[in-house]
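Report on one structure; see the data block that follows.
The values are calculated or read from the model by the stated rules, or taken from the named source; none is laboratory data. A quick note: this is a predicted structure, and the numbers were derived from the prediction, not measured. All Cβ positions, glycine included, derive from the backbone under ideal geometry; neighbour counts span all protein chains shown.
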Amino acid sequence: MQQHHFTTSRTARYFTLGKPGNHVRQVWFVCHGYGALATEFLARFLPLDDGTRLIVAPEGLSRYYTDHVEQEVGASWMTSEDRLAEITDYVSYLDGLYDHVCAELDLGSVAVYVLGFSQGVHTAARWLTHGAVMPQRMILWGHVLPLDMDFEVAWGKLEDSRLTFVIGTRDRTIAPATVEAMEERLLEHGIPYETIHFNGGHRLDERVLKSLAGA
């Protein structure tokens, strides 16, 4: 038995808040967590939709039924099966979406934000490492960097991006020891970062979002 790969085109779905134009001062690319849909995730960013931001929520390429009885659907960025090919695919997808969206913006006057939540943290981190995006701000919420992240490759981009971790004080999906291990790796590589804690669990927090956006 032999494994083979070939590349095929795929139709991806994304949702936006705001409209492109000269009025845009920030463009956000926001990556949802495991089992979510982009439209549901994007709704959390409605408090930032003030006319100066374009918020783009790409959806993971793999959809599945999270509840077969109710036929509720969620999406995932990847699984452990054939993981390297899936990472390559979503990095290519996000690069293409970035070019598509930014073609209508003057990037000389627009700040690029990338936010990943939960599973989307690994997605955003790998996009930064292997893709073409060069954000001014990188926000990783509710998860830590992937253990296999290549800091030698990502170092320059991480240094140039304002790296912020956001963790709820009652988020039981993240062990304090895991966070400490990640912080040690960042310090070891001389990568500046900040960590924001808020009173809550594994979720987005409106007050923190507004603070990060300067709203």
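Summary table
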| quantity | calculated |
| --- | --- |
| Test for Thr88: is it surrounded by fewer than 21 Cβ atoms within 10 Å (Cβ to Cβ) and hydroxyl-bearing (Ser, Thr, Tyr) | yes |
| Pair list, Cβ < 8 Å and 6+ apart or interchain, from segment 140-160 residues that are under 25 Å from Asp171 (Cα atoms) to residues that are among the acidic types (Asp, Glu) | Gly142/Asp171 |
| Segment 63-94, residues that are of a type in the set (Gly, Ala, Ser) and either assigned to a helix (DSSP H, G or I) or free of Cβ contacts under 8 Å to residues at least 24 places away in the same chain (or both) | Ser80, Ala85, Ser92 |
| Criterion (in contact with a Cys (Cβ under 8 Å, 6 or more places away or on another chain), among the polar types (S, T, N, Q) and either assigned to a strand (DSSP E or B) or closer than 26 Å to Tyr14 by Cα (or both)) met by exactly one of Thr164, Thr123, Thr195 | Thr123 |
| Residue in segment 205-214 that is hydroxyl-bearing (Ser, Thr, Tyr), out of contact with any His (no Cβ under 6 Å at 6 or more places or on another chain), assigned to a helix (DSSP H, G or I) and in contact (Cβ under 8 Å) with a residue 24 or more places away in the chain present | no |
| Tally of residues being under 18 Å from the mean Cα position of the chain (by Cα), under 12 Å from Thr195 (Cβ atoms) and either at pLDDT below 95 or among the hydroxyl-bearing types (Ser, Thr, Tyr) (or both) across segment 164-176 | 2 |
| Any pair with Cβ under 8 angstrom, 6 or more apart, that starts in segment 95-124 at a residue that is touching a residue at least 60 places away in the same chain (Cβ under 8 Å) and buried (at least 18 other Cβ atoms within 10 Å of the Cβ) and ends at one that is polar (S, T, N, Q) and in a helix (DSSP H, G or I) | Gly116/Thr123 |
| So Tyr113, is it in a strand (DSSP E or B) and closer than 22 Å to Ala154 by Cα | yes |
